[in-house]
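Just below is one structure, and these are the notes that go with it.
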Amino acid sequence: MGEEGIWKDVTKQGINPGKATILALGKAFPPQLVMQEFLVDGYFRSTNCDNPELKQKLARLCKTTTVKTRYVVMSEEILMKYPELVSEGIPTVKQRLEICNEAVTEMAIEASQACMKNWGGSLADITHLVYVSSSEARLPGGDLYLAKGLGLSPDTQRIMLYFAGCSGGVAGLRVAKDIAENNPGSRVLLATSETTIIGFKPPSADRPYDLVGVALFGDGAAAMIIGSDPILEYEKPLFELHTAVQEFLPHTEKKIDGRLTEEGISFKLARELPQIIEDSVEGFCDKLMSVVGFQNKEYNELFWAVHPGGPAILNRIEKRLDLLPEKLSASRRALMDYGNASSNTIVYVLEYMIEEGLKTRRDDREDHEWGLILAFGPGITFEGILARNLCALNVT
């Protein structure tokens, strides 16, 4: 069967037997909500810094990121308990991990419970756990603490993905897809959890990129249930995961550079990162689209669930692929409301996509809309999944 035949055959089907589907989504956040308009004064006050030049620079960055609100673990109580976090040159990785390890587990449990509630299944039905985080380090890992906190069976098979950065959510989804399709009857819980405390530092002219992180990143957790052959009596498939691809760009490993130091994690992003992604995104997407016979650059025929690494990346992708503005609206909303929450953010994007789809559904709209789920992380690594939006099947 040629590519065109594959496309027509698959489109006519409801849910393809054996193909992994996302069955539920969930999210959770720490209690501190930060309004972007008050961030600058609060950050400089809490770090005891009085540098007008750096303050003005952060104010400019806060406007360009398009972020309006974020949630963060950091609080006045934490800074009172650990005042050394705002001091230069003091080893604080131990203190940071004490905070982060507990915080990410708590958020992951809450997000997983929310996801389970949305799913309708039971803990006993969970056969596998995939846990993703770039905000902790311990042995045993956060996957065990999450399993224990949820009360999962000791027989639950676990896997961790650490330090995959912004691509971690889609990487975890790729792994969960493989597990679900190779273990008939399985139900995979994918949980992601992140906090910026691991890299929180006072402002410094020697670390100008830190201000970008302050203006852009947020904390939170997310969860998904993935399984094939859904039981339609109580499971509502949201997206079918058709094909997953990972690709790294040679000679770009220093373009997203993160290092665990005695003072926490230190990140550096190359200025040319948005350009590098723009130059490579078209070929990567064409590779995924060709699986079902999309031709002639039919990008606007797809839905686009893109991890919002930042407005520059979204703008470059929109321009290179000549996307209609609404195609990235879910990504832009997630960035505005939650900031770049690293691996979690793709779930927030998918939630907004479902919400927007239900509001704008038309009779002439294709019931099984194809699209791409994309993220970019250290490597530079591209993660992509060709998927179908099945939400129309749940509308009666």
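The values are calculated or read from the model by the stated rules, or taken from the named source; none is laboratory data. Just so it is clear, the model here is predicted, and its values are computed rather than measured. For neighbour counting, all protein chains shown are included, and Cβ atoms are generated from backbone atoms with ideal geometry for every residue, glycine included.
Details
- Test result for G227, at pLDDT 95 or above, over 21 Å from I99 (Cα atoms), surrounded by 24 or more Cβ atoms within 10 Å (Cβ to Cβ) and not β-branched (V, I, T): yes
Rundown of residues vs (1) under 18 Å from the mean Cα position of the chain (by Cα); (2) in a helix (DSSP H, G or I), yes/no style:
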| residue | (1), (2) |
| --- | --- |
| I276 | no, yes |
| S290 | no, yes |
| K297 | no, no |
| A312 | yes, yes |
| E318 | no, yes |
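- If you go through the range 30-76 and keep only what is surrounded by 15 or more Cβ atoms within 10 Å (Cβ to Cβ), in a helix (DSSP H, G or I) and not basic (K, R), you end up with Q36, L39, V40, Y43, F44, S46, L54, L58, A59, L61, C62.
- Residues in the range 126-158 that are surrounded by fewer than 21 Cβ atoms within 10 Å (Cβ to Cβ), among the hydroxyl-bearing types (S, T, Y) and not in a loop (DSSP other than H, G, I, E, B): Y145 alone.
- Residue check, R207 farther than 27 Å from L25 by Cβ, surrounded by fewer than 24 Cβ atoms within 10 Å (Cβ to Cβ), over 21 Å from the mean Cα position of the chain (by Cα) and not small (G, A, S): yes
- Criterion violated by R332 - all others in (1) modelled with pLDDT under 95; (2) charged (D, E, K, R); (3) touching a Leu at 6+ places or on another chain (Cβ under 8 Å) satisfied: (1)
- Meets criteria (in contact with a Phe, Trp or Tyr (Cβ under 6 Å, 6 or more places away or on another chain) and touching a residue at least 60 places away in the same chain (Cβ under 8 Å)) for I313: no
- Residues in the range 329-351 that are under 24 Å from I226 (Cα atoms), assigned to a helix (DSSP H, G or I) and not hydroxyl-bearing (S, T, Y): A330, A334, N344, I346, V347, V349, L350, E351.
- Counting the residues of the range 175-200 that are outside any loop (DSSP other than H, G, I, E, B) and either of a type in the set (V, I, T) or farther than 23 Å from S342 by Cα (or both) gives 10.
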